Structure formats: structure tokens, C-alpha cells
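What follows is calculated from the coordinates using simple rules that are stated; it is not laboratory data. Computed from a predicted structure; not experimentally measured. Methodologically, a virtual Cβ is constructed for each residue, glycine included, from the backbone with ideal geometry; neighbour enumeration extends over all protein chains shown.
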Amino acid sequence: MSHIIAPSVLSADFGNLQRDVEMINKSEADWFHVDVMDGMFVPNISFGFPVMKAIKKHAQKPLDVHLMVMDPDRYLQAFKDAGADILTVHYEGCTHLHRTVQAIKALGMKAGVAINPHTSVNLLADTMEYLDVVLVMSVNPGFGGQKFIENTYHKIVGVRDIIRATKSAAIIEVDGGVDMNNYTKLLEAGATALVAGNTVFSSANPMQTIADLKKC
């Protein structure tokens, strides 16, 4: 199966949001990656439900929603209602991770868990069999345009080994600093989905950049 490309809408031009959404629709991208930040879990705030609903109105591909928030259980139903198809929460932001994952799945969404650069992949071993997505952060969450953390390759291998050991069907997604110089190495390490923000939206030809990222 070909790997998944999920352009991060956080890097889009919000003065021309519909235009950028339609560009992703026409491109070879697979998902829309939607980052939600609460200003507490990370030192930044991003868009909420009204903007997400506006994206969903025009999007023709699944919304891959990444919650960088504390206590995400409060918002699961609201994100379902706003159009999330995949909902990823942070290991570090959940008190009862298994319960949160089960609640996401009960609402009819695919469930993902993200881990920050300092978090050991081994902490996911007990929940891996229930996950649809493992999101490996390759930068510290909160801001776009950060430098890629090289240890990410080792973490991907570690996640891949746990997936195999638990017979999980989880996708390994990487978010942060993905570009034309490292994407093939990420895929070789075992990544199956790549989030690309600045690499796509700062490109002179975003559709071509997405097509290039789809090439193995």
C-alpha cells in the first residue's frame, strides 16, 4: 500500500482557506491534517470548531485531527460533530488513555495516539492493539517550521517493532520537519503516513510537491 500524505492545514493561507482546501482535494494527498492547540498543552493556540467545520464543508478527503490539548475527553463528541474522521490525542495529555481511545472508537472515528519527542515508544505497548494511528512527533509540538529531530528514525523503528509484536494494524504517522530531504528515509524506517506543512504550502507548486512526496 502506498504511503499517506497529509498536508497540515495549519500552514495554509487562512485568507484563502477554501482555495487551499480545494488544492488538496485536487492533489494526490490522502488526508487533511488539522492541528488543534489549546495554549495549555502547548504554548500556542490554533483554530477551533468553526474553522474546522468550514474545512469539512469543502474537504473531499478524511480529516486527520491532531489534538494538542489537555484532557481531550471533554471534546471528543464536539470533534466528531465538527467532522473529524481520525482523532489523535497525546499520550502526555490523557489520564486514562485506554478509556479515551475506546471512547473515540465508540463515536465512530479512528483513534490515534501521539507521542512527544521525549516520550518512550514503549509506553504505547499496552494500548497498541487498539490504535489505528501512532503519531510520532519529530519536533516539539506547538509551532510549525521547527528543525527535525534525528532520533525520530529510531523511534519509528521502535513503534514498528511493537506493532508487529502486538499484531496491531496501526499506521505510523510522522509530524514535524518532514521535507524532500528526509521523507524517503522516514518511509524506509517504517513510517506509513507523513504530515507536511511548510514543505507543501511554502512551495512554488504545492500540488507538485505533494506528488513528489507520494513517490517512494
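List of remarks:
- Residue 162 being part of a helix (DSSP H, G or I), free of Cβ contacts under 8 Å to residues at least 60 places away in the same chain, in contact with a strand residue (DSSP E or B) (Cβ under 8 Å, 6 or more places away or on another chain) and not acidic (Asp, Glu): no
- Residue match in the stretch 141-156 (condition: within 12 Å of the chain's Cα centre (by Cα) and either more than 20 Å from residue 6 (Cβ to Cβ) or crowded, with 20+ Cβ neighbours inside 10 Å (or both)): yes
- Test result for residue 38, surrounded by fewer than 19 Cβ atoms within 10 Å (Cβ to Cβ) and either in contact with a Ser or Thr (Cβ under 9 Å, 6 or more places away or on another chain) or free of Cβ contacts under 8 Å to residues at least 60 places away in the same chain (or both): yes
- Residue match in the stretch 81-97 (condition: part of a loop (DSSP other than H, G, I, E, B), without any contact (Cβ under 8 Å) to a residue 24 or more places away in the chain and surrounded by 18 or more Cβ atoms within 10 Å (Cβ to Cβ)): yes
- Residue within the stretch 11-24 that is assigned to a loop (DSSP other than H, G, I, E, B), buried (at least 20 other Cβ atoms within 10 Å of the Cβ), touching a residue at least 40 places away in the same chain (Cβ under 8 Å) and not β-branched (Val, Ile, Thr) present: yes
- Leading residue by the ranking (surrounded by the fewest Cβ atoms within 10 Å (Cβ to Cβ)) among those in the stretch 172-205 that are out of contact with any Ser or Thr (no Cβ under 7 Å at 6 or more places or on another chain) and assigned to a strand (DSSP E or B): 193
- For residue 60: the one exception among (1) surrounded by fewer than 18 Cβ atoms within 10 Å (Cβ to Cβ); (2) touching a Gly at 6+ places or on another chain (Cβ under 8 Å); (3) within 22 Å of residue 214 (Cα to Cα): (2)
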